[in-house]
Every structure is written in structure tokens, then in C-alpha cells.
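Input: a single structure, listed below in C-alpha cells.
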Amino acid sequence: MATKAFVAQASQPEKFRRVYVWEFPVRLYHWVNALCVVVLCVTGYLIGRPLAITYSSEAYQQYWFGTVRFLHFVTAFVFFFNFLVRLYWGFVGNQYAKWSNFIPNHRAQWREMIEVMKVDVLQTRVQGLITLGHNALAGLIYFLSFLAFLFQSLTGFALYSSMSQARLPRLFAWITPLMGGDFAVRQWHHIFMWFFIWFTLVHVYLVFYHDYIEGRGTTSSMVGGWKFDSDKRDEK
Amino acid sequence: MGHSIPTIWESMQAKGYDRREFLRFCSFAAMMAGIETAGFSKVVHALETQARPPVVWLHFQECTCCSESFIRSSHPLVADVLLDSISLDYSETLQAAAGHQAEKSLHDTMQKFAGKYILLVEGSIPTHDGGVYCTIGGRTAEDILQEAAKDAAAVIAWGSCASHGCVQSAKPNPTGATPVHKLISKPVINVPGCPPIADVMTGVITHLLVLGSAPELDGLGRPKEFYSRRVHDTCYRRPYYDAGLFVESFDDEKARKGYCLYKMGCRGPVTYNACSVTKWNGATSYPIQSGHGCIGCSEAGFWDNGPLYQHLASFPGFGIESTADNVGALVGIAALGGMAVHAVSTNVRKHELLVQGKHSEPKAKE
């Protein structure tokens, strides 16, 4: 979590160095996850609130709702295993991918969060800290979203377990009675879908925001993996 | 002891049934217990030689709909035999005895047949305020239950009240209504439903009588035979669900065509019961066949999962018809509004940065 003083460079040319922040597995995870979340939210919303379409054809002539559900289930499996890959990479990846970025167990991380609140959220200061990987607040939000991933996977498999004899979903069948039955599990699974929608909205906005105000390739970093950092080595 | 219990065949003879009726009963019983034809002779043998277990049927906080359902079994002979011959040694609703006589009958059965009688419980048990909300003969329901359960060979909880608490335990549960399995330490066979299907009830009790053991149960103590599948899984309207053909309103063309009632709040997809297989009233119909969605009466807490005609439950604190979707969309719009304000503020800040950049030297902190 290297922090650098943020310095606006409008007129003077400044030297930047290129830092390889997001390794290939992280980027792959990110885009597979993004695709899964979009597909899961769209299909999930449709399952919870199917479209009112009037057909002249009979039931045996079509299967669209079944297909929507099938897509949801297949995507859920991809989402789940992709999530496991990211967890694994949190132990073997580079310093920006490490699990320790996501859990605020150091005082410095809490100080940084306050800093980020002042500079980026409330904008009470014009200039502020810049972090190369995740800032401490983002790290915490990602940690909470990982918990949401876990919750959604558990409740999803629990709901799916009654329609499947496969071993993996059956492992989660005990969750249903614990939460008070299929109805309650479905309700919670549906409520948590909204977390993913909110997260996506805010996440996309913040990526553009950071790129817009910092000008160091936040958006494209998730494509190529590089971010730019002002190079102070020559000044010393 | 002098309390030798007659066999089912003996007690049927005493009541005037002939051999042919006995064999018909045996075949129903074998079918109910899921025994194939080859095992039929064993069933006959068992009912001829084994002592009939005495049955005690207790009623607590309930509406007696379980009893009403039970006496409408679609196999009259079975219900008849169970009521007449297997005999209920104690049942507030159906017994002839009353008052002290009734209490004595219960007491005698429990003493004479300790460890042998089958205990059937209908209704939930109030636990608040010392259990004053349901007392019989001056004793609380819990007191009676504990005494009766102590020496019972098997305990069956009839209906959603005894299995989950049902309507009495709906929020705010003023009497502290509690299901049987939470109060006694013995295994309980839960037969939920409001009421349970008559044929399921006779099926479970016949299994106990014929095989002398409980049917295979799931994690929630329900017989797997009847409660392992959702109403939705065997619903005859299921093809409409997979095809995405849904009723939008009870008086529309789609309702007339018999489309799936999913969007009308049908609880079939989240309810484990045998309604769409056995159906009701002698396999005449079941709610969905009659054009009304399942209300999920065999699921725990179904009274609190309302409104019944809505797919999603109402969101607590946001009014009766608000769903998670309404609240979710509202928060989403609020987030977008926040972003718009933030974007304006960001542009002001960017302007300041550009101005600063022109006039001041870059100063490095840290």
C-alpha cells in the first residue's frame, strides 16, 4: 500500500513510472466476475419477477423461463469457482492482491480510511493520498463484498439443493432449515442481489472518478495491469 | 398384569368386521406403509399376531382441523379401523368420556401401557406466563405433554401447530406457542400442514402400526415419503412455469387458461408437501388445481411470510406491499443521486487542481 503525495500536474510535465499492479489471474478473475454478476443479476431479477409476455403458443412449445433459470445456475457455478480462485490468489499473488489488503487490522489502514473519506468521498480537501493498489477503504468494501459473495453462494446452493442431487449443492442443504425454510432463503438471496446492483453502480462510478481526477490509468489498469505512479526517484 | 392387549385382527373381529374386510384393511395398510405385494402376507401376519398399540391423541392450542382432516381420509375403511378398532384411548374431540372419566382413561392408558402407547399431539404448547393460556383439567398443556411423552413408544406431531407453532406462534406470538419437538427430548415425527393431508396422516400412523417403526424421516423430522418434494416439483402446472407462462391477475385470460400461479404468490416452489401427488378429499383436487396458489401451510412461519398473493414478502418497516425490489430500487436511485452530486463536486475540485498546478510548484509530501 505505497502512498504517494498527490500532486496535480497540469502545466509541468511530470515523470511517471509504470507499475505492474494487477497480475493476469486478478484481471481474469475481475472480468469473469463482472460478467457473472451482470448475468446473475439480470437472470436473477427475471426469476424473481418474470416478464408478463403473452404468447399464442402452448407450454410444450417453449422453455424460456427454464432457460433463464438454467443460465442462472450455470453462471452461479462459474461465479463460485472464480471466487475460490481469487481467494487462493489472495495467498500467492503479489502485494496488491494479498489478503491483508482487505482486512483492516493495522492502525495505518484506519487512518488511511479517514483520509480517503476526507479527500475522495466528502472532498473537503483538494489534494490527498494516492494508493497504488486498493486504498484501505476500498479494501474493506471488497472484504464486505466477499462476505456478500459467500452469503449469496451459500443461499444460492441451499435453494438449488432441493432441485439437485449433485454433491456440491447438497452440501449446503442444511442452511435452509437454519434460515427458516426455502421462502426465507429465497427472500434473503433476493435482497442480496440488490447489494450486487448497488456495488456495480458505485464501483463503476468510482473507477471513472479516480481516473478523472488522478489521471493515471485506473480504468485501463484492469485491462493491461499497469498503473502509473509519479516517479520521485530522479528528484532525490 | 391382566392387561393383555388384543391384536388388530382380534379387535376388528370384536367390532364385527369380517375376514374379507380385515384383508382389505391389510392391503390398504401395506400400500400406505409402502410395502410391495410380496410382503402382503407379512402384513397380515403382523396384524394377526401383534398387539395393537394403544393411542393417545392430545389436543392443545389448535383448531381441530387436523382431526377434521383425519376423519375425511379417502380410504374410509382405514380411518374407520384406526378410529374404531386401533382405538383412541384418549382424544378430547372424539372420545365419549368426559371430565374425570376422560382424565382417568388417559391416566390408565399411560400407566398400563407405559412404553407401548403411541402419542399423537395436535396443537402447539404455550410457554409464556407459566403456560396459563392452555390448561386441561387444571393442568398446563406442557405439564400434560411432558407426562404423556415420558413413556410413549413414539410421538407424532400432527399439523403445523405441533410441528412449527403455526398461527399461534406468528409474530408477536403472545402465548409463547412452541412446537412439540422443542419441548421434549424424544424424537418426534413431524407431520406439518394446516391441516396435513388425511392420507398422509393415515399413511404415517399405519406405517407405525404395521412395521412398528417410524417411517424414514428427513432432517426436520418429516416422513421423507411425503415431504421430500416440493409441491412445485410435481405440480401439473409446472410446464407453464418452465415455459414462462404466468397468471398476472386472478381474472385474466391466463388464469382461465390455467397458467402457473407463481406471480400470484404461489408458495409451491418453497413448500414441501404431497398435495400435488395425493391431492385432497379423495384425490379430488388441491388448491392450485382449483385456481388458487399454494399458501405454504406446511412450512414453518408461513403466516409471517405474507402477503400471500405476493411473490416476495413485504419488506419490514416499509409498508405492507413494499417488496425488497421497491426498497432496492429506491436505494439505487439514491446512490445515483449521490453520484451526481459527487460528480459536480469532483469537477469543482478538478478546476482548483488545474488552477493550483498553473501557479504553484509541485510539492512532494512524505
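Within 10 Å of each Cβ of B:270-283, how many other protein chain Cβ atoms are there on average? Each step should come with its number before you reach the end.
Numbers: counts 10, 3, 4, 0, 0, 0, 0, 0, 0, 0, 0, 0, 0, 0.
Across B:270-283, the average partner-chain Cβ count within 10 Å equals 1.
Please check segment A:185-208 for residues whose accessible area, probe 1.4 Å, is lower by 30 Å² or more when all protein chains are in place than in their chain alone.
Residues passing the criterion (a loss of at least 30 Å², heavy atoms only) are A:186, A:187, A:190, A:191, A:194, A:198, A:201, A:205.
Fully extended, how many nm does the chain gain between residue B:143 and residue B:327 (0.36 nm per residue separation, minus their Cα-Cα distance)? Let's see the in-between values first.
Numbers: separation 184, 0.36 × 184 = 66.24 nm, distance 4.60 nm.
Gain in length upon complete extension: 61.6 nm.
Taking the Cα centre as origin and putting +1 on Lys and Arg beta-carbons and -1 on Asp and Glu beta-carbons, what dipole magnitude results for chain B, to the nearest 20 debye? Don't jump to the answer; show the numbers that get you there.
On the way: 32 positive and 36 negative charges, 191 e Å.
With only Lys, Arg, Asp and Glu charged at Cβ, the dipole is about 920 debye.
Say each of residue B:19 and residue B:64 gets a label point 7 Å from the Cα, pointing the same way as Cα to Cβ; how far apart are those two points in nm?
Computed distance between label sites residue B:19 and residue B:64 equals 4.1 nm.
Name the residues of segment B:295-317 whose accessible area falls by at least 10 Å² when all protein chains are present instead of the chain alone, probe 1.4 Å?
B:299, B:300, B:305, B:311, B:312, B:313, B:315
Mind jotting down the three principal axis lengths of chain B based on Cα atoms? Whole angstrom, largest first.
Taking the Cα atoms of chain B, the three principal extents are 112, 52, 41 Å.
Could you compute the net charge surrounding residue B:122? Neighbours are other residues with a C-beta less than 14 Å from the C-beta of residue B:122; K and R count +1, D and E count -1. Don't skip to the answer; put the middle values down first.
On the way: positive: none; negative: B:62, B:68, B:92.
Summing Lys and Arg as +1 and Asp and Glu as -1 gives -3.
Leaving out ligands, DNA and RNA, and with a 1.4 Å probe, what % of the accessible surface on segment B:149-220 is carbon or sulfur?
With neighbouring chains kept in place, the figure for segment B:149-220 is 58 percent.
Roughly what would the spin-label model give for residue B:104 and residue A:20, points 7 Å off Cα along C-beta, in nm?
9.5 nm
Around residue B:139, what is the net charge, scoring Lys/Arg as +1 and Asp/Glu as -1 over all other residues with Cβ under 10 Å from its Cβ? Let's see the in-between values first.
On the way: positive: none; negative: B:103, B:142, B:143, B:147.
With Lys, Arg at +1 and Asp, Glu at -1, the net is -4.
Taking N as the number of residues in segment B:231-304, what is its alpha-carbon radius of gyration divided by 2.2 N^0.38 Å? It would help to have the intermediate numbers written out before the result.
On the way: Rg = 11.8 Å, N = 74, 2.2 N^0.38 = 11.3 Å.
Expressed relative to 2.2 N^0.38 Å, the Cα Rg reads 1.05.
What order, most packed first, do the peptides B:138-149, B:180-191, B:41-52 have when packing is the mean number of other Cβ atoms within 10 Å of each residue? Please list the in-between numbers first.
Details: B:138-149: 17.7, B:180-191: 19.8, B:41-52: 16.0.
Descending packing order for the listed peptides: B:180-191, B:138-149, B:41-52.
Would you tally the net charge around residue B:5, using a Cβ to Cβ cut-off of less than 10 Å, leaving residue B:5 out, and scoring K and R as +1, D and E as -1?
Numbers: positive: B:52, B:112, B:116; negative: B:10.
Around residue B:5, the charge tally is +2.
Which value results when the Cα radius of gyration for chain A is divided by 2.2 N^0.38 Å? Please report the intermediate quantities before stating the final value.
On the way: Rg = 21.6 Å, N = 236, 2.2 N^0.38 = 17.5 Å.
Compared with the compact-globule rule of thumb, chain A sits at 1.23.
What helices does chain B hold that run 30 Å or longer along their axis, going by alpha-carbon atoms, with a Kyte-Doolittle average of -0.5 or more, using DSSP H for the helix calls? Before the final figure, lay out each step's value.
Details: long enough: B:324-359 (52 Å, 0.41).
Length and hydropathy pass: B:324-359.
Got a number for carbon plus sulfur as a percent of chain A's accessible area, 1.4 Å probe?
On the way: 8510 of 12200 Å².
Taking all protein chains in place, chain A shows 70 percent carbon and sulfur surface.
As an exercise, use a Förster radius of 25 Å and the Cβ-Cβ distance of residue A:167 and residue A:28 to find the FRET efficiency, rounded to the nearest 0.05. Provide the component values of the computation, followed by the final result.
On the way: r = 27 Å, r/R0 = 1.07.
Between residue A:167 and residue A:28 the formula returns 0.40.
When the Kirkwood radius is taken over all Cα pairs of segment B:188-285, what Stokes-Einstein diffusion coefficient follows at 10 °C and 1.306 mPa s, in µm²/s? Don't jump to the answer; show the numbers that get you there.
Details: Rh = 14.8 Å.
After rounding, the answer is 107 µm²/s.
List, in the order given, every pair from B:116/B:171; B:171/B:254; B:15/B:224; B:224/B:263; B:182/B:279; B:42/B:112 whose Cα-Cα distance in the structure shown is over 32 Å. Walk me through the intermediate numbers first.
Working: B:116/B:171 38 Å; B:171/B:254 35 Å; B:15/B:224 34 Å; B:224/B:263 28 Å; B:182/B:279 30 Å; B:42/B:112 28 Å.
Violating the 32 Å limit, Cα to Cα: B:116/B:171; B:171/B:254; B:15/B:224.
Mind running the shape call on segment B:8-226? Use the C-alpha gyration tensor, a ≥ b ≥ c as the square roots of the eigenvalues: rounded below 1.5 for a/c, prolate if a/b tops b/c, oblate otherwise.
On the way: a/c = 2.01, a/b = 1.53, b/c = 1.31.
The shape class here is prolate.
Return one whole number: the accessible area per residue of the protein assembly as shown in Å², for a 1.4 Å probe.
Values: 28790 Å² over 602 residues.
On a per-residue basis, 48 Å².
At residue A:56 and residue B:94, where each label point lies 7 Å from the Cα along Cα→Cβ, what is the point-to-point distance in nanometres?
Using points 7 Å along Cα→Cβ, the separation is 5.7 nm.
Please report, ordered by residue number, every helix of chain A (full DSSP H runs) that is 30 Å or longer along its axis going by C-alpha atoms and whose mean Kyte-Doolittle hydropathy reaches -1.0.
Span-like helices, by this rule, are A:24-48, A:64-92, A:136-161, A:182-214.
Would you mind giving the average projected area, over all directions, of the Cα convex hull of the protein assembly as shown in nm² with one decimal? Mind dumping the intermediate values first?
Details: hull surface 145.0 nm².
Computing the convex hull of the Cα atoms and averaging its projections yields 36.3 nm².
Provide a whole-number value for the mean count of partner chain Cβ atoms within 10 Å of the Cβ atoms in peptide A:151-163. Numbers along the way, then the final one.
Working: counts 0, 0, 0, 0, 0, 0, 0, 0, 2, 0, 0, 8, 4.
Mean partner-chain Cβ count within 10 Å for A:151-163: 1.
Tell me the total accessible area that B and A bury against each other, 1.4 angstrom probe, in square angstrom rounded to 100.
Values: alone 19110 and 14700 Å², together 28790 Å².
Heavy-atom accessible area buried at this interface is about 5000 Å².
Which percent of the accessible heavy-atom area of segment B:231-304 goes to carbon and sulfur, probe 1.4 angstrom? Mind showing how you got there, number by number?
Details: 1530 of 2740 Å².
Here it works out to 56 percent.
Which translational diffusion coefficient, to the nearest whole µm²/s, is obtained for segment B:64-165 from the Stokes-Einstein equation, given a Kirkwood hydrodynamic radius over C-alpha pairs, 20 °C and 1.002 mPa s?
Numbers: Rh = 14.7 Å.
Roughly 146 µm²/s, to the nearest whole number.
Show me A:128-135, B:166-173 ranked by packing, highest mean number of other Cβ atoms within 10 Å first.
On the way: A:128-135: 19.5, B:166-173: 17.5.
Sorting A:128-135, B:166-173 by mean packing, highest first, produces A:128-135, B:166-173.
Taking the Cα centroid of segment B:260-329 and of segment B:162-198, what is the distance between the two, rounded to the nearest whole Å?
So the separation of the two Cα centres works out to 19 Å.
Would you mind calculating the relative contact order of segment B:8-226 from Cα pairs under 8 angstrom and at least 6 residues apart, reporting the percent as a whole number?
Values: 385 pairs, mean separation 48.9, N = 219.
Dividing the mean separation by the residue count of segment B:8-226 yields 22 percent.
Output the peptides A:151-162, B:311-322 sorted from most to least packed, where packing is the average of other Cβ atoms within 10 Å over each peptide's residues. Spell out each step's value before the answer.
On the way: A:151-162: 20.8, B:311-322: 13.9.
The densest-packed peptide leads the list: A:151-162, B:311-322.
The values are calculated or read from the model by the stated rules, or taken from the named source; none is laboratory data. If you're wondering where the values come from, they're calculated on a predicted model, not measured in any experiment. For neighbour counting, all protein chains shown are included, and Cβ atoms are generated from backbone atoms with ideal geometry for every residue, glycine included. Please note that ligands, DNA and RNA were not included when accessible areas were found on the heavy atoms of the full protein model with its side chains. Shrake-Rupley method; radii C 1.70, N 1.55, O 1.52, S 1.80 Å.
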